[in-house]
Amino acid sequence: MLPITDFLSCTDPLDEFDSLSYHQTHHAKTYATGLAAGRSKTVTGIAREVLPAQGDRALNKFLTEYDWDEDQLNHERLEELQKHGKTRWSQDGYIVIDDSVFQRTGKELPGAGEFYDHTEGEPVWGQDLVYAFYTDGKTSYPLVFRQYEKADDQDQDDENETKYDLAREMITELEEEVGVPADTYLFDSWFAHDSDLIKHVESYGKDWIGPLRSNRQVSFDNEEVRVDALEERIDKVEREIDEETYKIWTRTLPVSMLGEVRLVIAEKVTDEDEDNPVKYLATNKIDAPSAHLIRSYSYRWRIETFFEDSKQDLGLGDCEVRDSDGASRHWHLQMLTYSLLRLGPESSASERLVSKASSLRAQLEHGLKEAIYNMFSWVRDQPDRDLDGLMEEIDHLFLHSEGSL
């Protein structure tokens, strides 16, 4: 049982979106509420658990048949986020480029195929989305995405190149259409491997930071060596950064396919990640202090939290619609739901917690506890009401769900 009233107040901005008609706005609010609060995140589950949903057929038509532009909806979502200081982007922010695979079983789902899942360490059957994600010291939220669809005859190299193309396409949209002012892009080693992607970022006058794979070639003392081979030839200096101890070495030198870049080799002394104890960070921010580069790159982890929250709590991988346009709309509405939770009710005590918490799961659990406490307080203050009357009133205030977060 989860409160519906607080979240519905968060959906009020949808009333101003030009991309949706009056009835479409009602369906969008219903769908977003189901993604945020429902036990089942499918069309059928949302129609069953969110009242009045007008049935699963109406919601399915909203996703697959109604005439509305999900790209315009997404741009309006981003415009709404800029109206609030706590979610407004800035030059000091970061744009993270990364992809996520979510496992599925349906063979007929749009873009479903066999993809390598880095979290599982093996190929899985599922769907793959490439995201651009904004983050800074006060907020984080998705910007745009593209679905990667693998052709049957593509090999692994072709897959990489196609994902790079999608990343460049998103960067072009963010720079030329959306106008995100963030100065720095963050990549993992997968995307940082592509020199064309790096050049594309630099063509807009933007900076980038990304780790090199251990076998990347660098020019050092007039020799071409693997970056991990530098470990035997350098002396790292121990430094404290944000209460963490690192051993650091840095120099500006040529790296294969990237040209002259700043290289930072950083090893966290207390790092328990035995599979990857050393980071080889490369960047075009030649004059930036090492501490700034390490702090900046730590923001990339925010997109991993987004993926985890969205898969576990917000239905990212739960769409069963077999229509490709319907699936795209589901994922756009999922981004909208995530953003509405980031905004939260302006006067809510739980909203202050939202801005500080790193996981939406913790935020939703806090809201549930707060709602139950408020419910019992309200019942206590109604001594003259019979049980049936109290339950009728509670039914108006709460969304019924068989499960919990």
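The values are calculated or read from the model by the stated rules, or taken from the named source; none is laboratory data. None of these values were measured; they are calculated from a predicted model. Please note: Cβ atoms are built from the backbone with ideal geometry, for glycine as well, and neighbour counts cover all protein chains shown. In case anyone asks, the SASA skips ligands and DNA or RNA and just uses the protein heavy atoms, side chains included. Shrake-Rupley method; radii C 1.70, N 1.55, O 1.52, S 1.80 Å.
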Residues of segment 54-68 satisfying the condition of being over 14 Å from Thr42 (Cα atoms) and surrounded by fewer than 14 Cβ atoms within 10 Å (Cβ to Cβ) = Glu65, Asp67
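Being open to solvent by 60 Å² or more (accessible area, probe 1.4 Å) and more than 19 Å from Thr283 (Cβ to Cβ) is the requirement here; does Glu177 meet it?
Working: open to solvent by 60 Å² or more (accessible area, probe 1.4 Å): yes; more than 19 Å from Thr283 (Cβ to Cβ): yes.
For Glu177, the condition - open to solvent by 60 Å² or more (accessible area, probe 1.4 Å) and more than 19 Å from Thr283 (Cβ to Cβ) - is met.
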Out of (1) modelled with pLDDT of 90 or more; (2) crowded, with 18+ Cβ neighbours inside 10 Å, the one Phe102 does not meet is (1)
Among what's in segment 183-224 and is open to solvent by 20 Å² or more (accessible area, probe 1.4 Å) and in a helix (DSSP H, G or I), pick the residue that is nearest to Arg168 (Cα to Cα).
-> His200
Complete set of residues in segment 267-290 that are assigned to a strand (DSSP E or B), under 26 Å from the mean Cα position of the chain (by Cα) and at pLDDT 90 or above = Lys279, Tyr280, Leu281, Ala282, Thr283
Could you figure out which of (1) closer than 22 Å to Leu174 by Cα; (2) surrounded by 17 or more Cβ atoms within 10 Å (Cβ to Cβ) isn't true of Gly113?
-> (1)
Among the residues of segment 82-93, is there at least one that is buried (at least 21 other Cβ atoms within 10 Å of the Cβ), farther than 16 Å from Asp323 by Cα and of a type in the set (Lys, Arg)?
-> no
Those residues that are surrounded by 17 or more Cβ atoms within 10 Å (Cβ to Cβ) and more than 23 Å from the chain's Cα centre (by Cα), I need them from segment 22-37; list them, please.
-> Gln24, Thr25, His26, His27
Just one listed residue, out of Val130, Val144, Val96, is farther than 29 Å from Thr25 by Cα and open to solvent by less than 10 Å² (accessible area, probe 1.4 Å), and it is Val96
For segment 169-195, pairs from a residue that is at positive phi to a residue that is of a type in the set (D, E, K, R) and open to solvent by 40 Å² or more (accessible area, probe 1.4 Å), with Cβ under 6 Å and 6 or more apart or across chains, are none
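Considering only residues that are assigned to a helix (DSSP H, G or I) and either buried (at least 17 other Cβ atoms within 10 Å of the Cβ) or aliphatic (A, V, I, L, M) (or both), which ones fall in segment 43-53? Talk me through it step by step, then tell me what you get.
Step one: list which residues in segment 43-53 are assigned to a helix (DSSP H, G or I), which gives 43-49.
Passing the criteria: Val43, Gly45, Ile46, Ala47, Arg48, Glu49.
Within 20 Å of Ala327 (Cα to Cα), open to solvent by 10 Å² or more (accessible area, probe 1.4 Å), part of a loop (DSSP other than H, G, I, E, B) and of a type in the set (S, T, N, Q): is that true of Ser40 in this structure?
Numbers: within 20 Å of Ala327 (Cα to Cα): yes; open to solvent by 10 Å² or more (accessible area, probe 1.4 Å): yes; part of a loop (DSSP other than H, G, I, E, B): yes; of a type in the set (S, T, N, Q): yes.
Taking the combined requirement at face value, the residue satisfies it.
Could you tell me whether any residue of segment 113-121 is in contact with a helix residue (DSSP H, G or I) (Cβ under 7 Å, 6 or more places away or on another chain), part of a loop (DSSP other than H, G, I, E, B) and over 30 Å from Pro181 (Cβ atoms)?
Residues of segment 113-121 in contact with a helix residue (DSSP H, G or I) (Cβ under 7 Å, 6 or more places away or on another chain): none.
So far as segment 113-121 goes, no, none of its residues is in contact with a helix residue (DSSP H, G or I) (Cβ under 7 Å, 6 or more places away or on another chain), part of a loop (DSSP other than H, G, I, E, B) and over 30 Å from Pro181 (Cβ atoms).
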Residue count, segment 77-95 (criterion: in contact with an Asp or Glu (Cβ under 9 Å, 6 or more places away or on another chain) and in a helix (DSSP H, G or I)) = 1
Where residues in segment 225-266 are closer than 18 Å to Ser298 by Cα and in a loop (DSSP other than H, G, I, E, B), which of them is modelled with the lowest pLDDT?
-> Glu243
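Please work out if Ala32 is in contact with a Ser or Thr (Cβ under 9 Å, 6 or more places away or on another chain), more than 24 Å from Gly344 (Cβ to Cβ), touching a residue at least 12 places away in the same chain (Cβ under 8 Å) and not in a loop (DSSP other than H, G, I, E, B). First the steps, then the outcome.
Details: in contact with a Ser or Thr (Cβ under 9 Å, 6 or more places away or on another chain): yes; more than 24 Å from Gly344 (Cβ to Cβ): no; touching a residue at least 12 places away in the same chain (Cβ under 8 Å): yes; not in a loop (DSSP other than H, G, I, E, B): yes.
No, not satisfied.
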Matching entry among Glu267, Glu243 (being surrounded by fewer than 11 Cβ atoms within 10 Å (Cβ to Cβ) and closer than 18 Å to Leu293 by Cα) = Glu243
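If we keep just the residues of segment 122-138 that are in a strand (DSSP E or B) and among the acidic types (Asp, Glu), which is nearest to the chain's Cα centre (by Cα)? Full working, then the answer.
Looking only at segment 122-138, we keep the residues that are in a strand (DSSP E or B), and these are 122-135.
Checking which are among the acidic types (Asp, Glu) leaves us with 122, 128.
Working: Glu122: 22, Asp128: 13 Å.
The residue in question is Asp128.
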